[in-house]
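Only the coordinates and a few stated rules stand behind these numbers; no lab work does. Since we're looking at a predicted model, the values are computed, not measured. Here the Cβ positions follow ideal geometry from the backbone for every residue, glycine too, while neighbour counts run over all protein chains shown.
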Amino acid sequence: MNYVLLILGMALITWVIRATVFVFGDRLVFPPLVRTALGFCRSPC
């Protein structure tokens, strides 16, 4: 049961981060290091 909660928690955190970037992407300016870490953000964020 603990593994299920761990996996669901990680999925939720990942979803929230990606949804935030998707929704506020045009209004947020990320440093180059963060853009590199995100990897999927090819255009200027």
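Nearest 10 degrees is fine. How inclined is helix 2-24 to the longest principal axis of the chain, computing both from alpha carbons? Helix 2-24 and the main axis of the chain meet at about 20 degrees.
Spin-label model, Ile13 to Thr36: label points 7 Å out along the Cα-to-beta-carbon direction sit 2.3 nm apart.
Among the listed options [x] 26, 32, 32, 10; [y] 32, 53, 14, 0; [z] 26, 43, 22, 10, 0, the one matching P(r) over Cα pairs in 10 Å bins from 0, in percent as calculated from these coordinates is [z].
Spin-label model, Leu28/Met1: points 7 Å from Cα along the beta carbon direction are separated by 3.4 nm.
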